[in-house]
Amino acid sequence: MKIRKLAYLSIITISLSGFAQESAIYTNPSKNYLKALELYNERQYQASQRIFSEVQEKTTDIETKANCSYYIANAAIRLNQLGAERLMENFVDTYPTSTKRNSAFIDVANYYFDQGKYANALKWFDKAENQSMSYSERETFNFKKGYSLFKARKYKDAKSYLNQVITSEEYGSQAKYYIGYIAYESDNYGEADSYFSQVSGNDNLNDKLSYYQADMNFKKGDFKKAIALAQEQLPKADPKEKSELNKIIGESYFNLQQYNEAIPYLKEYKGKSGKWNNVDFYQLGYAYYKQNDFENAIGQFNKIIDGNDPVAQNAYYHLAECYIKTDKKQQALNAFKNASQMNFEAQIQKDAALNYAKLSYEIGNPYENVPQVLTNYIDNYPDSPNKQEIQELLVDSYITSKNYDAALELLEKNRNFSSKTTYQKVAFYRGLELFNDGNYQEAIDYFDKSLKEAQDQSFTARATFWNAEADYILNKYSEAVVGFKQFEQNSASTSTPEYKHLFYNLGYAYFKQKNYDQAIAYFKKYTTKEKQDLQRINDAYLRLGDSHFVTSKYWPAMEFYNQAITLNEADTDYAHFQKAISYGFVDRTSQKIDELEKFVSNYPKSTLRDDAYYELGNTYVNNNQTSKGIAAYNKLAEEYRMSSYVPKAILKEGLVYYNGGQNSDALIKFKQVVKNYPDTQEAVQAVSTAKMIYVDEGRVNEYANWVKQLDFVEISDSEIENAAYESAERKFVQGETKASIKGFEDYLKQFPNGGHALNANFYLAQSYFNTGEPEKSIPHYKNVIKDRNEFTEQALARLSQIYIDNEQKEAAIPVLKQLETQADYPQNITFAQSNLMKINYDLGNYSETLTYAKKVLSNPKIDNRIKSDAQIMIARSAIKTNNEDLAKTAYQEVQKIATGALAAEALYYDAYFKNKDGLYEASNTAVQKLAKDYAGYKEFGAKGLIIMAKNFHALDDAFQATYILENVITNFATYSEIVEEAETELQKIKTQESLRNSSVSPNDQD
């Protein structure tokens, strides 16, 4: 029981102790209040706030409650608690008689002020505005509220408060400093200078005073004082201020025209937010310019893009001058153009326009027609003292720009402006341009325009010559002769470059008309007079040989063939062959045989080798050396199975056997001809001769059974058939085309497999073709080419041409392939291969394109135009298959020989590959040549300009790059893909430039 009692007593004791402690709190609140106040003063706001809340809850003393409310609100503000300011407002409303009420708003304002939260501080300073304060409190209040307004950039209100403490011993200097700064910011430099001078001895305020004074004096135009003050401040300035002070010093020296002194300071300027603007680049660029440091000047001026103000106009003009000084004329052209398009400074605009016009004439203009540029200057500045000079340049520019078509259009609109001589020259050059592009009839029209003026006899002579040359190509040989004769009679002809080939051309014009005597006369004149062009001399010797040959003058013919052989140029195989044949006509059979044997041995790749074997066989047979003849025929059939001479040779071999009484052998050969070469004249003759053998041997039934199996032989009605054919053929020979067409159509309808069906089909096809109905000729040409015969080559050439003209590319391919393998004439082989090359390219068969292009180029006798076509096909196919190494090589070859559009294309790719190789300057040179020499080919010109823009961007010339792209976008709107590429490239460059130039907007392409 005692134990239990002790436990009970213990419980009571503990309870009493707790009661005593609680009673102590209520009986001694000041102790806890003081504890909370101590914590508050030690900035333990949260702990103090908790105790103040406990004391406020339990105390009955109104003043203590008010004080707790005051400190709870202050702690909340310092703890940045939600609703803290509302707590302070509640305190003021709840305890209007509290001794702390007057200091409550000031305390909060001071707290925010000390924290640098001036906007918050102003809110509470405004609340405390009308409270009673002591003089010193009001002075502090005015300064702090004035400073808070200053920091909020409310300068007018700040000045009113700061002015109230301007005489204060404590705050006066600071107030004057800030009032001075307000005047400085308001560009009121007199007032600012007055206030700053009053505090200049205050070390606490002097850190930035020199900076402001330097900037202020700079803005007032007192540059020397600005320099002195800025240099004084420079050693103690922070990095940002150093940048600005360097700018003040540099720009002050710039304004004092002390450019050498300005440069180092201008370079040290870091810009706003790390970026310069157009003015900054201009000043440093101009300083370099005045020091004749043109390369560095360019490096600054060319960063000014998107400029459209007096600074930009000045910059672009001086940039152009720097380019001229460094021999960068293409770049200067662009800069002068830009300056001439701005009207801020009239004299600069006029000078820039003049230089732009002159440079356009000198180096060409990729954006505008040069004559138009010159005309525009005359129109815009009719009273210019340079007008006469520009007019003279205009006259010459029509020719030097080579943009003849556009020049003629301008001339025809302004006939009174230019001389007739100019028009004559330009019309001639346009005609020559069209001639070189293969537009012969159009070329004649322009030559005629040139001839109508007839001011300059030299150009009259030249136009006459090329007119005749075009007539010749168009197969108007008699007109060509007249033209060449007129050229010869012109007194100025001997001084023209065309004169040296006159006799050669006249020789050919007569040769084509089969006027061999005149042909001989002029070819002889040419070989006597001209000794430089060995290819033409060689060709003239060959034609001299031919002209004598066809007129049965075989000994002279052989002399000229020997001359050609001696030169050892092209077609020596032909000369040897003709020489061998000629020996036969002068009864030198053994020499003929020797020459033919040498020929087949020495010229294994000659296209005449099958001719030689056939002729050799005939000669041996005619000379009673039949075994050798048969051997030659067999050699022909073995090596040249597709030759048109093979059926003739087999037939001849059969006739040899027949004449020698070897009927069995003869029949074998005749039947070989009939089987392998039906529908040919040789097959008809083979049947006819075989008939005689069968009749002689009494085997008529055997013959009849054999012939019935042959489609092309009619046993009966042969006389009717022959008469029908001969009638149609006679009309064809006499040139009565319509009658011959009807005759051949009737024959084929009645005798579709007749003995003359081959000839009828061929002549009918020719008739339809010659009367302008090529579609109707197609089925007849198809009948002709079924089997190898004497007309196969001509039919294949015509049929393929029809398909090509009609864009029937798939249909043309097999015909061209057949022509390639069966043609005897080299020009037909080349025709087939070159067209197969082009068609395969159009159809996307690039490997086939390359195969045929290489075949074309393997022929050493092709002219430059065909070589150029082949190389361009190789290049384009290589581009399509991403084989840029091959494309690069091919385009280099094209450049050597191409003219017109192909030359423009080759130059573009020259620029393209040089850009890819990092040869930016060389790439630009190629684009400049493209712009100057091939201005008429706009698409390649525009694409070339984009390459040039990329080059300049790589060379860190943003002005050139952006200017060029903007002009492509403006001037080449018809080429949408090119414009799109230009826009993309321009956006990329501007985005990059905006990172260093604050004047550039990456999204602005206007």
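Values quoted throughout were computed directly from the atomic coordinates according to the rules given, and no laboratory measurement underlies them. Note that the structure is predicted; figures quoted are calculated from it, not measured. Positions of Cβ are backbone-derived with ideal geometry, glycine not excepted, and every protein chain shown enters the neighbour counts.
When each of the peptides 859-865, 465-471, 917-923 is scored by the mean number of other C-beta atoms lying within 10 Å of its residues, the order from highest to lowest reads 465-471, 917-923, 859-865. The length gained on full extension between N80 and A119, counted as 0.36 nm times the residue separation minus their Cα-Cα distance, comes to 12.5 nm. Only one residue of Q347, A312, F744 has its Cα farthest out toward the positive end of the dipole of the chain, where Lys and Arg carry +1 and Asp and Glu -1 on Cβ, and that residue is A312.
If you take the square roots of the eigenvalues of the alpha-carbon gyration tensor of the stretch 402-502 and sort them as a ≥ b ≥ c, do you get rounded (a/c under 1.5), prolate (a/b over b/c) or oblate? Cα axes put the stretch 402-502 in the oblate bin. Measuring r between the beta carbons of A922 and E368 and using R0 = 22 Å, the FRET efficiency lands at 0.30.
Remark: the stretch 271-391 is approximated by an ellipsoid whose semi-axes, taken from the C-alpha gyration tensor as √(5λ), come to 27, 15, 12 Å, largest first. Here the Debye sum runs over all C-alpha atoms of the stretch 546-672 as equal scatterers in vacuum, and log10 of I(q)/I(0) at q = 0.17, 0.19, 0.22, 0.23 Å⁻¹ comes out as -0.86, -1.02, -1.22, -1.28. Compared with the direct C-alpha span, the chain from Q391 to N102 gains 94.9 nm at full extension, assuming 0.36 nm per residue. Once the Cα atoms are used to define both axes, helix 958-971 deviates from the longest principal axis of the chain by about 60 degrees. Of the cross-linked pairs K500/K598; K635/K776; K553/K861; K337/K425; K420/K512, those separated by over 31 Å at the C-alpha level are K500/K598; K635/K776; K420/K512.
Each part reduced to its alpha carbon centroid, the stretch 98-140 and the stretch 931-1006 end up 63 Å apart. With a threshold of 19 Å on the Cα-Cα distance, the over-threshold entries among K880/K916; K888/K988; K938/K988 are K888/K988; K938/K988.
Summarising the label geometry, the points placed 7 Å from Cα in the beta-carbon direction at S30 and K809 lie 11.2 nm from one another.
Among the trypsin sites (Lys or Arg not before Pro) within the stretch 630-682, those in coil by DSSP and having at most 14 neighbouring Cβ atoms inside 10 Å are R641. If the segment from Q892 to V695 were pulled out straight at 0.36 nm per residue, it would be longer than the present Cα-Cα gap by 63.9 nm. In degrees from 0 to 90, rounded to the nearest 10, what is the angle of the helix 310-325 Cα long axis to the longest principal axis of the chain? Tilt of helix 310-325: around 50 degrees.
The charge dipole of the chain, taken about the Cα centre with unit charges on the Cβ atoms of Lys, Arg (+1) and Asp, Glu (-1), comes to about 2580 debye, rounded to the nearest 20.
Which of the lysines could be linked to K225 by a straight reach, that is with a Cα gap under 26 Å, when you skip same-chain ones fewer than 8 residues away? Filter leaves K176, K208, K236, K240, K242, K247, K267, K270, K272, K290.
Per-peptide packing, taken as the mean over residues of other Cβ atoms within 10 Å, places 341-352, 679-690, 277-288, 449-460 in the sequence 277-288, 679-690, 449-460, 341-352 from highest down.
If the Kirkwood radius is taken over C-alpha pairs of the chain, then at 37 °C and 0.692 mPa s the Stokes-Einstein diffusion coefficient equals 83 µm²/s. Charge tally for S547 (other residues, Cβ to Cβ under 15 Å; Lys, Arg +1; Asp, Glu -1): +3.
Between the Cα long axis of helix 572-585 and the first principal axis of the chain there is an angle of about 10°, rounded to the nearest 10.
Neighbours of N915 by Cβ distance under 13 Å: Lys/Arg scored +1, Asp/Glu scored -1, total 0. Peptide packing for 799-809, 732-742, 244-254 was compared via the average number of neighbouring C-beta atoms within 10 Å per residue; ordered from the highest value, the list is 244-254, 799-809, 732-742.
Each of E721, E89 was scored by other Cβ atoms within 10 Å of its Cβ. Arranged with the fewest first, they read E89, E721.
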